[in-house]
1. Report whether or not Ala315 is closer than 29 Å to Asp41 by Cβ, in a helix (DSSP H, G or I) and modelled with pLDDT of 85 or more.
2. Which members of the stretch 76-111 meet the condition of being more than 20 Å from Ile56 (Cα to Cα) and of a type in the set (Phe, Trp, Tyr)?
3. Kindly establish whether Val50 is under 21 Å from Thr344 (Cα atoms), surrounded by fewer than 21 Cβ atoms within 10 Å (Cβ to Cβ) and at pLDDT 80 or above.
4. Do the conditions hold for Phe232, that is, is it among the aromatic types (Phe, Trp, Tyr), under 16 Å from the mean Cα position of the chain (by Cα), closer than 29 Å to Val94 by Cβ and surrounded by 17 or more Cβ atoms within 10 Å (Cβ to Cβ)?
5. Filtering the stretch 137-156 down to residues that are in a helix (DSSP H, G or I) and among the small types (Gly, Ala, Ser), which residue is nearest to Leu270 (Cα to Cα)?
6. Can you name every residue in the stretch 157-175 that is surrounded by 14 or more Cβ atoms within 10 Å (Cβ to Cβ), under 18 Å from the mean Cα position of the chain (by Cα) and either of a type in the set (Asp, Glu) or part of a helix (DSSP H, G or I) (or both)?
7. Output the qualifying pairs, or none if there are none: Cβ atoms under 9 angstrom, residues six or more apart or on different chains, first residue in the stretch 59-79 and closer than 21 Å to Arg140 by Cα, second residue surrounded by fewer than 14 Cβ atoms within 10 Å (Cβ to Cβ) and modelled with pLDDT under 85.
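The values are calculated or read from the model by the stated rules, or taken from the named source; none is laboratory data. All values reported here derive from a predicted model rather than from experimental measurement. Cβ placement follows ideal geometry from the backbone for every residue including glycine, while neighbour counts extend to all protein chains displayed.
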Amino acid sequence: MEQDYLYNTVFFDNGTENISEESGDYDLNFQETCARELDSDFYKIFHPTVYGIIFILGIVGNGLVVLVMGYQKKVKTMTDKYRLHLSVADLLFVLTLPFWAVDAAKSWYFGGFLCVSVHMIYTVNLYSSVLILAFISLDRYLAVVHATNCQATRKLLANKVIYVGVWLPAAILTVPDLLFARVQYVSSSKFLFAEESMGTADSRTVCQRIYPEESNLVWTVVFRFQHILVGFILPGLVILICYCILISKLSQGAKGQVLKKRALKTTVILIVCFFVCWLPYCAGIFLDTLMMLNVVPITCELQQAVDKWISITEALAYFHCCLNPILYAFLGVKFKKTARRTLTMSSSKSSQKVTLMTKKRGPISSVSTESESSSVLSS
């Protein structure tokens with residue numbers, strides 16, 4: 001969570017009335033003045049509300065995708081495999097949001113083990129989700145531009161390379177969470193977001209990355225640039241390049257104009273949604289990092305504006321995990337038909353079980369049901 005970075009840059013790391021020299025790009029009087037002016041109620045209400053909405057939408061959307069895929073006896077296409085990987089990543093990601101919602105509203109009540117675990121789950125699925133989007137764009141590029149001789153390459157990417165190119169890097173990037181994430185008990189006077197009316201006796205427990213005091217600024221800057229590079233720039237370039245080539249390819253020729261227009265429209269929507277969700281957030285933490293390094297002059301008004309910008313755009317970026325089922329699954333006509341039939345079959349099977357139990361009949365053969373299911377899902 002970006003709040004971890006914010007906390008690390010503004011906490012009084014030595015527990016005294018001075019900010020550590022390593023993060024000492026900030027002046028004490030400047031910090032105290034800004035701290036009094038910021039409204040902590042905004043963060044206590046805004047984050048839990050947005051996280052709750054994302055949690056519900058993400059569970060429903062991604063859960064439905066996993067359910068539909070689970071009803072298939074075998075995942076036959078590369079597209080289906082990517083959908084399943086993406087939905088699992090997004091599903092695990094949204095499962096961490098209730099913990100962060102409680103943390104933002106009140107305090108961290110879940111102990112040190114869950115602090116590290118939730119950080120690691122959050123990180124691995126945040127990065128894997130974005131990297132899978134890059135793999136999906138690469139797969140679509142191969143399928144359209146090199147349709148005649150790319151089947152072996154596409155299968156290799158979907159079956160093996162995705163684990164090395166997505167899940168392994170995402171898992172490696174959780175090492176900082178394992179090393180630095182921990183629970184810390186702090187008084188309200190050490191918070192940037194503390195209000196003067198809260199009193200000095202107020203305190204709370206937070207779950208955050210705590211870097212070594214003598215190199216706090218270095219670690220913070222390094223991991224921020226890592227986030228921007230791996231979580232936005234690299235996958236963003238792959239997505240942009242592949243889809244721009246697709247647009248160029250689909251725009252050529254006169255055959256199948258209706259289908260081409262639909263494909264072009266979908267492609268443009270995918271590009272726009274990715275950058276609308278992630279660009280504002282990454283721009284915000286990039287600007288805040290430049291302010292930390294004194295590359296951009298700091299004013300109290302600018303610091304407050306950047307902090308609020310990061311909080312709002314962070315929530316916007318997380319909405320992408322709710323959009324993914326719509327963009328990459330429900331836009332497909334075949335998937336919508338499969339989902340409709342799967343849900344219909346599921347309810348039909350449930351009603352059949354109730355009827356059988358009521359009439360106390362013997363079990364009927366499941367051969368016809370299985371063959372019907374197989375033929376429906378393969379269509």
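1. Numbers: closer than 29 Å to Asp41 by Cβ: yes; in a helix (DSSP H, G or I): yes; modelled with pLDDT of 85 or more: no.
In short, no.
2. Applying the first criterion (more than 20 Å from Ile56 (Cα to Cα)) to the stretch 76-111 yields 76-82, 106-111.
Passing the criteria: Tyr82, Trp108, Tyr109, Phe110.
3. Values: under 21 Å from Thr344 (Cα atoms): no; surrounded by fewer than 21 Cβ atoms within 10 Å (Cβ to Cβ): yes; at pLDDT 80 or above: yes.
It is false that Val50 is under 21 Å from Thr344 (Cα atoms), surrounded by fewer than 21 Cβ atoms within 10 Å (Cβ to Cβ) and at pLDDT 80 or above.
4. Values: among the aromatic types (Phe, Trp, Tyr): yes; under 16 Å from the mean Cα position of the chain (by Cα): yes; closer than 29 Å to Val94 by Cβ: yes; surrounded by 17 or more Cβ atoms within 10 Å (Cβ to Cβ): yes.
The answer is yes for Phe232.
5. Within the stretch 137-156, the subset in a helix (DSSP H, G or I) is 137-145, 151-156.
Checking which are among the small types (Gly, Ala, Ser) leaves us with 137, 143, 152.
Working: Ser137: 9, Ala143: 17, Ala152: 26 Å.
The qualifying residue nearest to Leu270 (Cα to Cα) is Ser137.
6. Taking the stretch 157-175 first, the residues surrounded by 14 or more Cβ atoms within 10 Å (Cβ to Cβ) are 157-158, 161-162, 165-167, 169-171, 173-174.
Going one step further and asking which of them are under 18 Å from the mean Cα position of the chain (by Cα), we end up with 162, 165-167, 169-171, 173-174.
Across the stretch 157-175, the qualifying residues are Ile162, Gly165, Val166, Trp167, Pro169, Ala170, Ala171.
7. Going by the 9 Å Cβ cut-off, the qualifying pairs are Lys76/Ser378.
Okay, residues lined up against (1) part of a helix (DSSP H, G or I); (2) at pLDDT 90 or above; (3) within 14 Å of the chain's Cα centre (by Cα):
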residue	(1), (2), (3)
Met69	yes, no, no
Val75	no, no, no
Asp80	yes, no, no
Leu91	yes, yes, yes
Ala104	yes, no, no
Trp108	no, yes, no
Cys115	yes, yes, no
Thr123	yes, yes, yes
